[in-house]
Amino acid sequence: MKRMAAIVRVVELRKSFGPLEVLRGITFDVREGSVLTIIGASGSGKSTLLRCLNYLEQPTSGEVYLDGKPIGFRIEADGRRAPDTAANISRMRAELGMVFQQFNLWPHMTVLENVIEAPIRVKRLARKEAVDLGRRFLSKVNLLDKENEYPARLSGGQQQRVAIARALAMQPKVMLFDEATSALDPELTGEVLEVMRALAKEGTTMLVVTHEMGFAREVSDRAIFLHNGQIEEDGPPARVFSAPTSERCRQFLSKVLH
Amino acid sequence: MLGSLRESLDLTLFWEYRAILLRGLLENVYIFLGGAMLAMILAFAIGVARLSRRWTVRVLSTGYAELFRNTPEYVLLIWVYYVLPVIFSRLLATRFNFSPYAAAILALGASYSGFMSETVRAGILSVPREHTEAAMSLGMSKWMIMRRIIAPQAIRRMLPEALNQFVSLFKATTFVSLIAVEDLMYKVSMITVHEMRPLPLYTGAALVYCAIIVAAAQLIQHLSDRWRRRGWA
Ligand SMILES: Nc1ncnc2c1ncn2[C@@H]1O[C@H](COP(=O)(O)OP(=O)(O)O)[C@@H](O)[C@H]1O
Ligand SMILES: [Mg+2]
């Protein structure tokens, strides 16, 4: 069964910023079609972890594999590790969609232009093809009627949905969500979570950093709790959220839930 | 006395020479265009180099910008026209000369590239790092990100400042008569020698320069407003 294959594989990942060691040996697999939720206090290294996966941060040591291929390095003929070329790194990044807390839409482009930019420039799709594709994903996030608006004229929830459509339009193998709803007013989080829920249902492989515990519990197949740069708790959501073995995880959850 | 003032301000003399003066003015315009083009190309390269991760590149490009920014255009013009050919002649062991036009474009282009590289640098820095990261996460290359994401936003932010620098550059083109480029000022001084009536001629020249700069500034302002209105946050 293909769904059993590990599409993302993280091995002994470490990341330091100068003297500060943020990730201290993280190891986990993500099965294709599954949803992994990453929780943890602010500053525990959740963003850094996601950013190491698509090489926005260069890991200090350890390995990340996407679909069996190493990200950011290759093995030379003599068996040594060498940094990968910029072109290869870009190619790998295109296979990982990322959604940021602050949306990060490009303000000088319309909604549709934001969505079709990478398909045209990176995948070299013809414009017409890209527009069809872009509209398909915009309708998926319910924003087809806004295609000619500039991002500044949209609400936060709408902007985040455009950002999701923009990532999806590259048809990545895996989607990374870094606190996709944390910058939104409470009444706007629902529409974004709705889109994410639908993606999870369709079998999109997702790594989700979130503080929306109800949502996480509902959609994820597995949850990990990061503390001090290490995985402190790891298991099915029912267990991690209801009966964590780690005292710190319990404390964290009681703080977030109240 | 008032009468003689009125007579000397009578611009009909300026108007009589319009064909010659217009040819002179066109020289200003050509040198402006050449200098502006050169300045923009250099400024972009230097502005990007000043943000390089390599410190040698940063130091060299910053040194270049400071050198040309702080040398008066006039001195630079003379230096490029009279001194640089001497250096080249020694190095190449042949006679070497710049045409006054080439010297003017080179000197003004280099001088303003120093100012403008600072504007370019600030423009690039004004684009949030997150926009670049979003593009990187979609697999876009460095060059593509510069061209499609950073430059369009940076240029819009640079416009007001760049406009001021273009105006200064146009004003600075009036120095080129000093190295015998036959621009408007050069023609005016030639005609003055004949007519012995400097007042209407120089007043006319001042008014023409002023009118051109005001008109150009209005035009660019109008264009940049229109750009900005296109959904600018
Ligand atoms: N580029 C950076 N340079 C230095 N320190 C950083 C950088 N990025 C993150 N950090 C530090 O790493 C730690 C983890 O940050 P982050 O991964 O953003 O945590 P989280 O997303 O869980 O809130 C924090 O202490 C943060 O200050
Ligand atoms: Mg974070």
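Computed over the range B:45-144, relative contact order equals 35 percent, with contacts defined as Cα pairs under 8 Å that lie 6+ residues apart.
Taking θ as phi - 60° and the Karplus parameters 6.51, -1.76 and 1.60, the scalar couplings of the range B:124-132 work out to 5, 5, 6, 7, x, 3, 5, 5, 5 Hz in sequence order, x denoting glycine and proline. For the range A:232-238, 3J(HN,Hα) computed residue by residue from phi via the Karplus equation (6.51, -1.76, 1.60; θ = phi - 60°) reads 9, 8, 8, x, x, x, 4 Hz, glycine and proline entered as x.
Each of B:Tyr186, B:Tyr30, B:Tyr74 has its accessible area taken with a 1.4 Å probe; listed largest first, they run B:Tyr30, B:Tyr74, B:Tyr186. Would you please give the FRET efficiency between A:Arg24 and B:Leu163, computed as 1/(1 + (r/R0)^6) with r the Cβ-Cβ distance and R0 = 30 Å, to the nearest 0.05? So the FRET efficiency works out to roughly 0.05. Here the simple spin-label model places points 7 Å from the Cα toward Cβ, and for B:Val83 and B:Ile20 these points are separated by 3.5 nm.
Please list B:10-17, A:139-146, A:161-168 highest first by mean number of surrounding beta-carbon atoms within 10 Å per residue.
A:161-168, A:139-146, B:10-17
Using C-alpha pairs under 8 Å with a sequence gap of at least 6, the mean separation divided by the residue count of chain B gives a relative contact order of 30 percent. Distances between placed amide hydrogens fall under 5 Å for A:Gln230 paired with A:Arg24, all partners being 5 or more residues away or on another chain.
For the range A:20-177, the C-alpha radius of gyration divided by 2.2 N^0.38 Å, with N the number of residues, is 1.15. Only residues of the range B:1-36 count here: report those whose backbone N is under 12 Å from the spot 7 Å along Cα→Cβ of B:His194, or say none. Output list for this probe position: B:14, B:16-21. Since only B:Phe96, B:Val83, B:Ala49 are under comparison, the one whose Cα sits farthest along the positive direction of the charge dipole of the range B:3-112, derived from C-beta charges on Lys, Arg, Asp and Glu, is B:Ala49. Bin width 5 Å, origin at 0, all Cα-Cα pairs of chain B: what percent of pairs per bin? Histogramming chain B at 5 Å steps yields 1, 6, 11, 13, 14, 14, 12, 10, 7, 5, 3, 2, 1, 0, 0, 0 percent. May I ask you to derive the relative contact order of chain A, considering only C-alpha pairs under 8 Å and at least 6 residues apart, and to give it as an integer percent? Relative contact order here is 24 percent.
Could you work out the mean count of beta carbons from other protein chains within 10 Å of each residue's beta carbon in A:100-108? Write out the running numbers ahead of the final one.
Working: counts 4, 1, 3, 2, 9, 3, 9, 9, 13.
Other-chain Cβ atoms within 10 Å of each residue's Cβ, averaged: 6.
Computed with a 1.4 Å probe on the full set of protein chains, the accessible area for A:Glu76 sits at about 80 Å². These residues, B:Cys210, A:Cys249, go from largest to smallest accessible area, 1.4 Å probe, as B:Cys210, A:Cys249. Ordered by solvent-accessible area of protein heavy atoms (1.4 Å probe), largest first, the residues B:Leu178, B:Leu77 come out as B:Leu178, B:Leu77.
The protection proxy used here, the mean number of other Cβ atoms lying within 10 Å of each residue, ranks peptides B:61-71, A:110-120 as follows, highest first: A:110-120, B:61-71. Per residue of peptide B:121-133, the mean number of Cβ atoms on other chains within 10 Å of the residue Cβ is 2.
Note on A:87-98: average number of Cβ atoms from other chains within 10 Å of each residue's Cβ is 3. Taken as Cα centroids, the range A:61-96 and the range A:164-190 sit 25 Å apart, rounded to the nearest whole angstrom. Extending 7 Å from the Cα toward the beta-carbon at both B:Thr94 and A:Arg153 defines two label points whose distance is 6.1 nm. Buried surface between chains A and B: roughly 2100 Å² of accessible area, summed over both sides, computed with a 1.4 Å probe on protein heavy atoms only.
The values are calculated or read from the model by the stated rules, or taken from the named source; none is laboratory data. All of these numbers come straight from a predicted model, not from anything done at the bench. All Cβ positions, glycine included, derive from the backbone under ideal geometry; neighbour counts span all protein chains shown. Side chains included, ligands, DNA and RNA excluded: accessible areas come from the protein's heavy atoms. Shrake-Rupley method; radii C 1.70, N 1.55, O 1.52, S 1.80 Å.
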